[in-house]
Amino acid sequence: MTMTQDRAETVALTCLGWLAANDVLLPVFLGATGASENDLRDRAADPEFLGSVLDFVMMDDAWVMAFCTGAGLAPEVPMQARAALPGGTQVNWT
C-alpha cells in the first residue's frame, strides 16, 4: 500500500507529539536542528519540518521502535511516511 502525503503528515505529527513528550530526546532534537519549542508549534503543519522530525527519529532504531510501539505502528511506517513527504525520495547515485 502506498503512503499518501496526508497519512504521512499524520504519522509525522504523531511522532512530533511523541518527541515533544520525551524529556530526554526533545532537547537533543532541538539542539540538533536548531529549532525552538515555539518552532514545534509554529511549524507543525509544515511537511518539510515534519520530515525533519522523522529523519531525526530514524537516526536510531531504538527511537523508531519506542515511537512505533507507543503509537501502535509497524516499524516500517516512519520510513514509508518519510518517503511520502518533501525531500524524502531516495537518492540513486548510479
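Derivation of every value follows stated rules applied to the coordinates shown; laboratory data play no part. Please read these numbers as outputs of a predicted model, since none were measured by experiment. Cβ: placed from backbone, ideal geometry, glycine included. Neighbour counts: every protein chain shown.
Might you let me know whether the range 1-24 holds any residue that is in contact with a Ser or Thr (Cβ under 8 Å, 6 or more places away or on another chain) and on the phi < 0 side of the Ramachandran plot? Full working, then the answer.
At the first step, the residues of the range 1-24 found to be in contact with a Ser or Thr (Cβ under 8 Å, 6 or more places away or on another chain) are none.
No - not one qualifying residue is present in the range 1-24.
Identify, from the list Cys68, Cys15, the residue that is part of a helix (DSSP H, G or I), buried (at least 16 other Cβ atoms within 10 Å of the Cβ) and touching a residue at least 40 places away in the same chain (Cβ under 8 Å). Full working, then the answer.
On the way: Cys68 fails: touching a residue at least 40 places away in the same chain (Cβ under 8 Å).
On inspection, the qualifying residue turns out to be Cys15.
Among the candidates Asp55, Asp6, which residue alone is loosely packed, with under 11 Cβ neighbours inside 10 Å and part of a helix (DSSP H, G or I)?
On the way: Asp55 fails: loosely packed, with under 11 Cβ neighbours inside 10 Å.
Only one candidate passes the filter, namely Asp6.
Is it the case that Ala74 is surrounded by fewer than 16 Cβ atoms within 10 Å (Cβ to Cβ), farther than 13 Å from Trp18 by Cβ, more than 10 Å from the chain's Cα centre (by Cα) and not polar (S, T, N, Q)?
yes
Determine if the range 28-46 includes at least one residue that is in contact with an Asp or Glu (Cβ under 9 Å, 6 or more places away or on another chain), surrounded by 13 or more Cβ atoms within 10 Å (Cβ to Cβ) and not in a loop (DSSP other than H, G, I, E, B).
Within the range 28-46, one or more residues are in contact with an Asp or Glu (Cβ under 9 Å, 6 or more places away or on another chain), surrounded by 13 or more Cβ atoms within 10 Å (Cβ to Cβ) and not in a loop (DSSP other than H, G, I, E, B).
Name every residue in the range 18-36 that is touching a Leu at 6+ places or on another chain (Cβ under 7 Å) and in contact (Cβ under 8 Å) with a residue 12 or more places away in the chain, in order of residue number.
Passing the criteria: Leu19, Ala20, Leu25, Phe29.
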